[in-house]
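Worksheet: the structure to be examined is printed underneath.
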Amino acid sequence: MTAQLDHLDLDLHDLAPRTAGGIAPCAGVVGLGMFGGGVAVSLESRGRIPVVHDVRTEAAEELGLALAVPTPAEVAEVSDVVLIAVVDAAQVREVLHGDDGVLAGSRPGLIVVLLSTVSVPEVRAFAQECRSYGVELLDCAVALGDQAAHDGMVAMVGGDDDTVARAMPVLADFADKVVHCGPLGAGLSTEIPATY
């Protein structure tokens with residue numbers, strides 16, 4: 001059963017798994033289609049309960065996810081790392097900038113991980129827009145590869161070293177292997193040869 005956060009009386013940071021250094025980053029997922037839903041389920045199965053949002057309000061319940069909120073802004077308000085898994089650049093723009101978008105609920109230090117396939121110039125533009133809010137953006141392409149059953153999902157990430165390191169606990173909870181490919185745009189640039 002999915003719990004709506006406005007009916008809960010708890011600190012969501014208490015839900016994150018504890019690490020030696022304190023509390024691991026809280027994760028949020030916006031977009032619960034085939035890919036985003038799989039990411040959210042993987043996070044939850046590894047004990048990192050994500051706060052989720054999808055335009056289809058029933059999506060979280062269908063996937064058995066525990067914490068759904070009505071807007072992307074509310075995902076951002078309670079997350080340290082927000083994974084966006086929507087169809088295209090227009091949807092990314094709406095999720096980031098809509099009246100109740102991620103940036104409306106953001107705070108400095110938030111990390112947005114873009115899982116959507118968009119062009120590298122679009123990634124750079126989104127990153128610049130995020131920076132004006134004190135938010136960092138990473139691009140992340142995912143490949144299953146021809147040995148997926150044995151090797152699992154590989155996440156190829158682009159972004160600066162510090163931001164990747166801060167997001168790594170969340171990335172490692174949905175991918176079997178995380179490869180930092182280089183600066184912003186490098187993850188998506190790697191996607192084409194890795195998946196074709």
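The values are calculated or read from the model by the stated rules, or taken from the named source; none is laboratory data. This structure is a prediction, so every number in the text was calculated from the model and none was measured. Positions of Cβ are backbone-derived with ideal geometry, glycine not excepted, and every protein chain shown enters the neighbour counts.
When every residue of the stretch 120-139 is checked against the conditions, none turns out to be closer than 19 Å to Ala27 by Cα, modelled with pLDDT under 95 and surrounded by 20 or more Cβ atoms within 10 Å (Cβ to Cβ). The C-beta contact set for the stretch 61-78 (first residue under 11 Å from Leu32 (Cα atoms), second residue among the hydroxyl-bearing types (Ser, Thr, Tyr), distance under 8 angstrom, 6+ apart or interchain) comprises Glu61/Thr2; Leu65/Thr2; Ala68/Thr2; Ala68/Thr57. Each residue in the stretch 49-58 was checked for being surrounded by 22 or more Cβ atoms within 10 Å (Cβ to Cβ) and farther than 9 Å from Gly31 by Cα, and 2 pass. Is it true that some residue in the stretch 74-81 is under 19 Å from Phe174 (Cα atoms), among the polar types (S, T, N, Q) and either under 14 Å from the mean Cα position of the chain (by Cα) or surrounded by 17 or more Cβ atoms within 10 Å (Cβ to Cβ) (or both)? Yes. Helices (runs of 4 or more DSSP H) fully within the stretch 140-196 that include at least 1 residues being under 16 Å from the mean Cα position of the chain (by Cα) and modelled with pLDDT of 80 or more: 161-172, 186-195.
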